[in-house]
Amino acid sequence: MARQHDDTLTGSVPDPETEPAPGERAHARRFAELVDEALAGRTPPAMSADDRALLEVATVIRATHGSLELSPARGRAVVEAALRQAVGAAPAAGGSVVPIGRGRGRRWAPWIVAGASTLVAAAALAMLWLRPAAPSAGAPIGRAAVPAEWRSRPADALIGPIARDRAGDASARLDTIFADRLDGFRARRLGQRGTP
Amino acid sequence: MNHVNVRRSAAASPGAGLAVALAVALGLAAGCSAERESGAPGRGSDAPHSVTRVTDPSDAPDLIGRDLLVALAQAKNFHHKAKVYMSDGNLAAATASVRQILSLPFPRGAAEADDVRNDARALLAKLLISQGQLDEAARTITEGLAQTQRESFFVANLYTVQGEIHEVRAAAADASGEPGRPAARDERHAAIESYDRSIQINQRLQSVLMEER
């Protein structure tokens, strides 16, 4: 039998005009019964490799002609899987199908968040760069708030005009300047310590 | 299942990466802005500046700080050293000591720096005059006047010493006899011009100081 089946698939193809041999008729009848049983859901557990190959081909041919219908449960499962795959969502628990609209929303959510973050960050950067700089240290506000004796400044007001006979008395003038600036430094340090 | 997760992570990662990059850029910009507001570390502050520190009037860069006092104290020391040398009759060593004041590092922008250096130049020129180095003395004054940033009583004093140099030159020209008379006259004119400039500066500054009071 196996040899005959092997011959059926791998042997020489008989001329279509010749009458089928009795063996061929018997084989065709038996294969037809096998196909009928398979379509009825009673596929025999054991069959030859040639019969299995032929049976698969017959099933495919039948399916392509549209005469094969899925059961309602199987059809729903296939649709759900396709929808999940389309929206990139996790498999729904309990078999509920995720709506396509919500799935699209989930897919675009990261981009919406990123876009909003971009706009906020761009606005913040623009504010940081375009706003006028705050008064820096030493600007008029700071100068007005700090006592004059705390600041480095020309010594003209302290020394006054230098007489000709005192032109070379730089040492004495420097002593005066140093003493004044030391007082200012101490006052500043004490003043800052006293500031809460 | 796996391909679904891969698709999810692929969709979320560009947005997450972009958000992280923007957050980093925002942080850097904020840091730069804070640094721009805080300004450069000034001599008036003794504590290190923080980029997140709020501007404080007591942090103004022109505050008297340790650096300024150190520079003034060093100048005092050189002056004292020069006085000792002068009392010992060692004018060359006294000159060298005063000359060192000119190279003392002062805090950037310190108004006292000009005053101290100009006063040192005046003393240096007088020391050079006393040693007969009139050209060197004149060069010392000229350099000081060229480097000065503003009018001050110390600049006026430089003009005064410049006038003295011209007077000494005039006296030397007179001493050479009749041929030196024209040069002596020119030197006296130059001395008068220098004194006039000194007087004018003193008058302007005194007017300003009177108005401020």
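Values in this text are rule-based calculations from the coordinates and carry no lab data. Just so it is clear, the model here is predicted, and its values are computed rather than measured. Note that each Cβ is placed from the backbone with ideal geometry, even for glycine, and that neighbours are counted across all protein chains shown.
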Q: Assign one of three labels to the stretch B:66-212, namely rounded, prolate or oblate, based on the Cα gyration tensor with a ≥ b ≥ c the square roots of its eigenvalues; rounded applies when a/c is under 1.5, prolate when it is not and a/b is larger than b/c, and oblate otherwise.
A: oblate
Q: Beyond 14 Å, what share of the Cα-Cα pairs of the stretch A:140-194 is found? Please give it as a whole percent.
A: 61
Q: Taking H placed 1.01 Å from N in the peptide plane, check which residues at least 5 places from B:Leu63 or on another chain put their amide H under 5 Å from its amide H.
A: A:Ser152, B:Gly44
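For A:Asp36, what is the net charge nearby, where nearby means another residue's Cβ is under 14 Å from its Cβ and Lys, Arg count +1, Asp, Glu -1?
+1
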Q. Which lysines does B:Lys126 reach when only Cα atoms under 16 Å apart count, and residues fewer than 8 places away in its own chain are ignored?
A. B:Lys83
